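Just below is one structure, and these are the notes that go with it.
The values are calculated or read from the model by the stated rules, or taken from the named source; none is laboratory data. Note that the structure is predicted; figures quoted are calculated from it, not measured. Virtual Cβ from ideal backbone geometry, glycine too; neighbours counted across all protein chains shown. With ligands, DNA and RNA removed, areas are computed over all heavy atoms of the protein, side chains included. Shrake-Rupley method; radii C 1.70, N 1.55, O 1.52, S 1.80 Å.
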Amino acid sequence: MADLFFFGTLRHIPLLELVLGRSGAALKAQGAKLSGHGVYQVADQPFPAIEARDGATADGVLVQDLSPADLDALNFYEGGFGYALKPVSVQLEDGSAAPAEVYFPEPGLWRTAEPWDLAAWVRKWGALSLRAAEEVMSYHGRMTAEEVARCFPSVRRRAAAWLEAQDRPGDGVHDLAKDVIVHSHNRAYLNFFAMEEMELQFRRFDGSMSPVMERSAAMAGHAAVLLPYDPLRDEVLLVEQFRAPPFIMGEAHPWMWEPVAGVIDPGETPGETAIREAQEEAGVTVQRLEPVAQVYPSSGALAEFIHVFIGISDLSDVNGGGGVAGEGEDIRSRILSYDELMAGVDAQVYQDMPLVTAALWLSRHRGRLRNASS
């Protein structure tokens with residue numbers, strides 16, 4: 001049996017329960033402190049790190065009598081992120097000392113900032129972390145901690161997308177608690193994207209329940225798409241890049257002309273993502289966003305929700321672009337007139353649906369945009 005001191009996100013008992021797979025009521029837990037150490041926010045990350053610092057004290061919780069199965073689950077959850085257990089002595093609420101172990105990060109692994117606030121973290125990141133941990137722990141015993149850690153950024157994006165979807169209003173007609181029955185839910189595959197499978201029933205329009213069906217979805221989170229448009233020059237900018245899914249499907253021309261696009265990071269708005277991607281992929285500075293659509297591009301197979309924008313821009317001033325080399329992007333751009341764009345749409349040259357959607361929206365609103373800029 002083992003006694004561990006938790007200083008960070010696992011102090012949030014619902015998260016600890018999820019990782020261990022058992023109720024917090026069954027845990028032998030109590031408040032504790034570790035002197036000579038502080039807990040600090042990791043820069044640009046939604047979690048803290050513990051550091052040895054003179055005069056500091058780390059608040060936390062001591063959980064005793066953890067089983068080998070508990071340790072295996074915890075090592076899976078923490079192990080892929082460069083953490084390792086080290087022995088310490090903590091002070092209990094009654095003033096006594098107790099031996100424990102703590103997950104310390106590798107020296108120099110993180111750059112830290114201000115002291116960490118658990119309550120503030122729960123308000124901002126608690127729900128997302130629970131959803132992400134649910135996906136992570138579903139791979140316990142099937143993948144290594146290091147394999148899951150490599151995929152963790154996409155896991156967090158999907159968690160944020162799921163929470164956003166939960167916040168959207170229903171149709172006022174269906175009650176999901178009664179009108180959809182999930183018999184099984186399997187997370188079948190994890191990489192940059194994921195594949196989830198369900199056996200489920202849904203209520204049919206005649207009021208009866210459907211037969212139990214097996215359905216799968218490619219889980220891609222949420223994304224932002226932006227077509228840069230210069231109303232003074234009446235021009236748009238397109239980007240071209242190789243797309244593996246069309247190639248895997250057998251497409252003879254897998255280099256696709258598209259708007260700029262990117263996945264939405266947790267804590268980032270769709271508009272912020274669109275503006276960032278315009279600069280990264282095409283070197284375009286967006287002056288103003290025009291919302292076009294919020295849609296599932298292929299709701300029968302792909303669990304991706306996209307926010308489509310027109311980005312009002314000055315296309316006479318394009319600097320940089322080309323994508324992020326570290327993400328394997330190799331992107332070139334092309335500026336063309338509105339008439340050339342629509343001729344390509346009419347000739348069915350473009351294979352990217354968000355591009356066609358944005359172009360058709362532009363055809364309806366072009367006059368307004370040009371008048372506003374004249």
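Yes/no matrix, rows are residues, columns are (1) open to solvent by 70 Å² or more (accessible area, probe 1.4 Å); (2) within 19 Å of the chain's Cα centre (by Cα); (3) not basic (Lys, Arg):
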| site | (1), (2), (3) |
| --- | --- |
| Phe242 | yes, no, yes |
| Pro259 | no, no, yes |
| Thr273 | no, yes, yes |
| Asn319 | yes, no, yes |
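Being without any contact (Cβ under 8 Å) to a residue 24 or more places away in the chain, closer than 28 Å to Leu232 by Cα and out of contact with any helix residue (DSSP H, G or I) (no Cβ under 7 Å at 6 or more places or on another chain) is a property that holds for Pro291.
In segment 175-195, the residues that are farther than 14 Å from Ser210 by Cα form Cβ pairs under 8 Å with partners that are among the β-branched types (Val, Ile, Thr), at six or more places apart or across chains, as follows: Leu190/Val148; Leu190/Val155; Ala194/Val155.
Considering the conditions (1) buried (at least 17 other Cβ atoms within 10 Å of the Cβ); (2) more than 28 Å from Ile264 (Cα to Cα); (3) not charged (D, E, K, R), Val148 is excluded by exactly one of them, (2).
Can you confirm whether segment 216-223 contains a residue that is of a type in the set (S, T, N, Q) and either open to solvent by 70 Å² or more (accessible area, probe 1.4 Å) or more than 21 Å from Gly79 (Cα to Cα) (or both)? Yes, some residue in segment 216-223 is of a type in the set (S, T, N, Q) and either open to solvent by 70 Å² or more (accessible area, probe 1.4 Å) or more than 21 Å from Gly79 (Cα to Cα) (or both). Does Ile310 meet the test of being under 14 Å from His222 (Cβ atoms), open to solvent by less than 20 Å² (accessible area, probe 1.4 Å) and touching a residue at least 40 places away in the same chain (Cβ under 8 Å)? Against the criterion (under 14 Å from His222 (Cβ atoms), open to solvent by less than 20 Å² (accessible area, probe 1.4 Å) and touching a residue at least 40 places away in the same chain (Cβ under 8 Å)), Ile310 does not qualify. Pairing residues of segment 276-287 that are at positive phi with residues that are surrounded by fewer than 24 Cβ atoms within 10 Å (Cβ to Cβ), at Cβ distances under 8 Å and at least 6 apart in sequence or on separate chains, gives Gly283/Val318; Gly283/Asn319; Gly283/Gly320; Gly283/Gly321; Gly283/Gly322; Gly283/Ser333. In segment 34-43, the count of residues that are more than 26 Å from the chain's Cα centre (by Cα) and of a type outside the set (Gly, Ala, Ser) is one or more. Residues in segment 196-215 that are among the acidic types (Asp, Glu) and either buried (at least 16 other Cβ atoms within 10 Å of the Cβ) or in contact (Cβ under 8 Å) with a residue 40 or more places away in the chain (or both): Glu196 alone. With respect to the conditions (1) open to solvent by 40 Å² or more (accessible area, probe 1.4 Å); (2) at pLDDT 95 or above, Ala359 lacks only one, and its number is (1). Scanning segment 110-125 for residues that are in contact (Cβ under 8 Å) with a residue 12 or more places away in the chain, part of a helix (DSSP H, G or I) and within 20 Å of Ala58 (Cα to Cα) yields Leu118, Trp121, Val122. For Leu232, the test of being within 15 Å of Asp317 (Cβ to Cβ), at pLDDT 95 or above and among the aliphatic types (A, V, I, L, M) is passed. Screening segment 323-354 for residues that are at pLDDT 95 or above, more than 19 Å from Pro228 (Cβ to Cβ) and not polar (S, T, N, Q) and picking the one that is most open to solvent (accessible area, probe 1.4 Å) gives Asp346. Among the residues of segment 80-101, those that are open to solvent by less than 50 Å² (accessible area, probe 1.4 Å), closer than 15 Å to Gln30 by Cα and either of a type in the set (D, E, K, R) or touching a residue at least 24 places away in the same chain (Cβ under 8 Å) (or both) comprise Val90, Leu92, Ala98, Ala100.
Meeting the requirement of 2 or more residues that are acidic (Asp, Glu) and at pLDDT below 95, the helices (runs of 4 or more DSSP H) wholly within segment 126-228 are 145-150, 152-167. Checking Gln294, Gln279 one by one, the residue that is in contact with a Ser or Thr (Cβ under 7 Å, 6 or more places away or on another chain) and farther than 21 Å from Val349 by Cα is Gln279 and no other.
Note on segment 80-89: residues that are under 23 Å from the mean Cα position of the chain (by Cα) and assigned to a strand (DSSP E or B) amount to 1.
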